[in-house]
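See below for the structure under consideration.
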Amino acid sequence: MRRLFACAFAGAVFTVVAAPAATGGDVWTFCVGSSRGGGNVWITDVFAATHGREALERGVKAYLARHGAPPLDVQCPAPTADKTGAINAQFDAVSFNRKLGATLHEVAARELERRR
């Protein structure tokens, strides 16, 4: 049940963040990886997206697996030109998962960028 609520909340957050990106500028996102059952959640910093959402999700999932995370469901909001909106959505995701009692693992954006 907890996982269902987390997924529903994540979908709502992703819808808010999924504004169309402006051409020529940076677009921003973050990713959330949830273990089966939702007891452990990995949340990245907000970072400049250089790939589409599906590629980002695959990349973050592979990165976390290489660094010892269990199998995860990874979701990233569609990248947006509104960096403040992406930061607010990431903050909301952290707060929501804390309220659910999940163990949070923060992933620094610089670690993801080294992977690319």
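Data for the structure
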{"item": "Residue selected from the stretch 70-89 under the condition in a helix (DSSP H, G or I) and in contact with a strand residue (DSSP E or B) (Cβ under 7 Å, 6 or more places away or on another chain), by the criterion surrounded by the most Cβ atoms within 10 Å (Cβ to Cβ)", "result": "Ala86"}
{"item": "Subset of the stretch 29-69 [surrounded by fewer than 17 Cβ atoms within 10 Å (Cβ to Cβ) and out of contact with any helix residue (DSSP H, G or I) (no Cβ under 9 Å at 6 or more places or on another chain)]", "result": "Gly52, Glu54, Ala55, Arg58, Ala65, Gly68"}
{"item": "Candidate set: the stretch 46-73, residues that are among the basic types (Lys, Arg) and under 11 Å from the mean Cα position of the chain (by Cα); chosen: the one modelled with the highest pLDDT", "result": "Lys61"}
{"item": "The stretch 90-116, residues that are surrounded by 13 or more Cβ atoms within 10 Å (Cβ to Cβ), modelled with pLDDT of 90 or more and touching an Asp or Glu at 6+ places or on another chain (Cβ under 9 Å)", "result": "Gln90, Val94, Val107"}
{"item": "Odd one out for Ile43 among (1) closer than 22 Å to Arg98 by Cα; (2) modelled with pLDDT under 90", "result": "(2)"}
{"item": "Pair list, Cβ < 7 Å and 6+ apart or interchain, from the stretch 97-109 residues that are touching a residue at least 12 places away in the same chain (Cβ under 8 Å) to residues that are polar (S, T, N, Q)", "result": "Ala102/Asn40; Thr103/Asn40; Leu104/Asn97; His105/Asn40; Val107/Thr44; Ala109/Thr44"}
{"item": "Matching residues, the stretch 45-69, being among the charged types (D, E, K, R) and part of a loop (DSSP other than H, G, I, E, B)", "result": "Asp45"}
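The values are calculated or read from the model by the stated rules, or taken from the named source; none is laboratory data. Owing to the predicted nature of the structure, the values given are computational and were not obtained by experimental measurement. Glycine also receives a Cβ, built like all others from the backbone with ideal geometry; neighbour counts cover every protein chain displayed.
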